[in-house]
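Worksheet: one structure, shown below.
The values are calculated or read from the model by the stated rules, or taken from the named source; none is laboratory data. Note that the structure is a prediction, hence the values are computed from the model and not measured. Here the Cβ positions follow ideal geometry from the backbone for every residue, glycine too, while neighbour counts run over all protein chains shown. Surface accessibility is based on the protein's heavy atoms, side chains included, excluding ligands, DNA and RNA. Shrake-Rupley method; radii C 1.70, N 1.55, O 1.52, S 1.80 Å.
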Amino acid sequence: MSEMNAGRWSYYNPVRITAGAGCFADIAQALPAAGSILLVTTPGFTRRGLTARLAELFVDRLQVCDVVTPNPELEDVDALTDRFQDQGVCSIVALGGGSVMDTAKVLSVTLPCAQTRVLESVLRQGCGRVWREHLPVVAVPTTSGTGAEVTPFATIWDQSTASKYSVTGDEVIPAHVFLDPNLTLSLPPTETLHSALDAISHSLESIWNKRRTPLSEAYALQALDYATEALPALRAKPCDLANRARMQQASLMAGLAISETRTAIAHAISYPVTSLYGVPHGLACSFTLPALLDSYLPTLTDGRARDVLLRVRSLLHTLNLPSEILKYTDAESLISHLDLMFHPDRAGNYSLEMKREGVADILKNSFSRN
């Protein structure tokens, strides 16, 4: 394998993880016996009865925020902060996919602030972080892809400027995670695919990363092992609980890997693809992976890693991702936004040299596969 960080490295992730079918029933054990709890979720989970289930468990203590939508907007999260800031919230339950996790994690640091319109000040105006405290978050992911339940960052979008921001730091790492595969059984096929692609992308991005360590690489390779087994099985049999659990664990391990390395070039390309064309994140950050793998695989000397990545490439080819992207946009349109895609920090994480012109080649090669 190409050069790994052979010097000093460290790893920190304080999340307590509880996994297994039915473990959601034990959530009260992870929350304080007194005090107000804010449930952050979506309208769908309220309709399915999970909000009512938690309300029965935390009688007169549960406040509900079930208005989260995909790709949380800065304006909306600021409005939620202003709405719940004076409600005495002492802990947060995040029940949902990546957007719910991101919203809850951001609220965990903005709610304790005395300032209103916190994100407007910190992100748009660049005034610097103003939070000194944070509320504990109990994360219950219902998709298997973002790994946000174990990462030290949360994504906020600003459509007014087609921008993507990250709220980062140990403060936004959840305190406890419950991985209950029963909660993913109702995930539709398209969302199952897109979330799995997100996990695969996180794993690959952490492997071809200059910041990778022996531990992050081990997490990423195991995540890819699980994902290449579970995703085809779930596409054939969506209610396979064992593979739902396996895909959850792949997502979590990919999150643990990316927590150390951060993302690289595939994610840098993806952000304007999502913000400008509305392409779901999992698809946006994965359609370039086969082309990137073609460039990266010849550099590998580690036999096990090469075998895993070859299986990933084979799986990705069967999914015909370029045809899915073409439902939203085309190569020529995307290439016109190279300045937005060539993010120096993310490109700098990629193990191989990457210049602006190289991003154009990646896009061309990705669409030539269609």
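On the basis of the beta-carbon distance and an R0 of 41 Å, residue 185 and residue 127 show a calculated FRET efficiency of 0.40.
At 25 °C and a viscosity of 0.890 mPa s, what translational diffusion coefficient does Stokes-Einstein give for the range 68-222, taking Rh as the Kirkwood radius over Cα pairs? Give it in µm²/s as a whole number. Please report the intermediate quantities before stating the final value.
Working: Rh = 16.4 Å.
The diffusion coefficient I find is 150 µm²/s.
Over all alpha-carbon pairs in the range 168-271, figure out the percentage whose distance exceeds 18 Å. Spell out each step's value before the answer.
Details: 2617 of 5356 pairs.
Counting pairs separated by more than 18 Å, the tail of P(r) holds 49 percent.
Tell me which lysines have Cα within less than 19 Å of residue 164's Cα, excluding those fewer than 8 residues away on the same chain? Partners found: 105. Dipole of the range 50-144 computed with +1 at Lys/Arg Cβ and -1 at Asp/Glu Cβ about the Cα centre; of 51, 111, 67, farthest Cα towards the positive end is 111. In this Cβ point-charge picture (+1 for Lys and Arg, -1 for Asp and Glu), the range 129-274 has a dipole of about 220 debye about its Cα centre. Taking the centroid of alpha carbons for each part, the range 141-220 and the range 288-330 are 19 Å apart.
At a probe radius of 1.4 angstrom, the accessible area of the chain per residue rounds to 40 square angstrom.
Considered as an equivalent ellipsoid built on the Cα gyration tensor, the range 80-143 has semi-axes of 21, 14, 9 Å, the largest given first. Protein heavy-atom surface of the chain, 1.4 angstrom probe: 49% of the accessible area is carbon and sulfur, with nucleic acids and ligands not counted. Within straight-line reach of residue 364, meaning a Cα separation under 14 Å, sit the following aspartates and glutamates at least 8 residues removed in sequence or on another chain: 294, 330, 332. Extension gain, residue 345-residue 36: 0.36 nm per intervening residue step, less the Cα-Cα distance, totals 107.3 nm. Projecting label points 7 angstrom from Cα along Cα→Cβ for residue 336 and residue 115 puts them 3.7 nm apart.
Projecting the Cα atoms of 292, 261, 233 onto the dipole axis of the range 227-370, where Lys and Arg carry +1 and Asp and Glu carry -1 at the beta carbon, places 233 farthest toward the positive end.
Charging the Cβ of each Asp and Glu at -1 and of each Lys and Arg at +1, and nothing else, the dipole of the range 251-364 about its Cα centre rounds to 240 debye.
If the chain linking residue 302 and residue 26 were pulled fully straight, counting 0.36 nm for each residue of separation and taking away their Cα-Cα distance, it would gain 95.2 nm.
Relative to its residue count, the range 280-325 spans a Cα convex hull of 65 Å³ per residue. Ordered from longest to shortest, the equivalent ellipsoid semi-axes for the range 225-370 are 25, 19, 15 Å, each the square root of 5 times a Cα gyration tensor eigenvalue.
If each DSSP helix of 4+ residues adds -39,500 (n - 2.57) and the sum is divided by the residues in the chain, what number results at 222 nm, nearest 500 deg cm²/dmol?
Numbers: 16 runs with 174 residues, N = 370.
Value at 222 nm, helices only, nearest 500: -14000 deg cm²/dmol.
Once you list every other residue whose beta carbon is under 11 Å from the beta carbon of residue 46, what net charge do they have if Lys and Arg are +1 and Asp and Glu are -1? Overall, the nearby charge balance is +2. Computed log10 I(q)/I(0) for the range 33-127 at 0.14 Å⁻¹: -0.49, from the Debye equation with unit scatterers placed on every C-alpha and solvent omitted. Summing Lys, Arg as +1 and Asp, Glu as -1, what charge do residues with Cβ under 10 Å from the Cβ of residue 180 carry, residue 180 excluded? Neighbour charge sum, excluding residue 180 itself: 0.
Each principal axis of the Cα atoms in the range 227-273 has its own extent, and those three values, largest first, are 33, 24, 13 angstrom. The range 1-84 has equivalent-ellipsoid semi-axes of 32, 21, 15 Å, by the square roots of 5 times the alpha carbon gyration tensor eigenvalues, sorted largest first.
If you stretched the chain out fully between residue 327 and residue 218, how much longer would it get, using 0.36 nm times the residue separation minus the C-alpha to C-alpha distance?
Details: separation 109, 0.36 × 109 = 39.24 nm, distance 3.56 nm.
Result: 35.7 nm gained on full extension.
If you put +1 on each Lys and Arg Cβ and -1 on each Asp and Glu Cβ, how big is the dipole of the chain around its Cα centre, in Debye rounded to 20?
On the way: 31 positive and 38 negative charges, 109 e Å.
Roughly 520 debye, rounded to the nearest 20.
Computed log10 I(q)/I(0) for the range 113-165 at 0.24 Å⁻¹: -1.10, from the Debye equation with unit scatterers placed on every C-alpha and solvent omitted.
Net charge around residue 21, counting only other residues with Cβ within less than 15 Å of its Cβ (Lys, Arg = +1; Asp, Glu = -1)?
Numbers: positive: 244, 246; negative: 26, 180, 240.
Here the charged neighbours net out to -1.
Over the chain, Cα pairs under 8 Å with separation of 6+ residues give a relative contact order of 17 percent.
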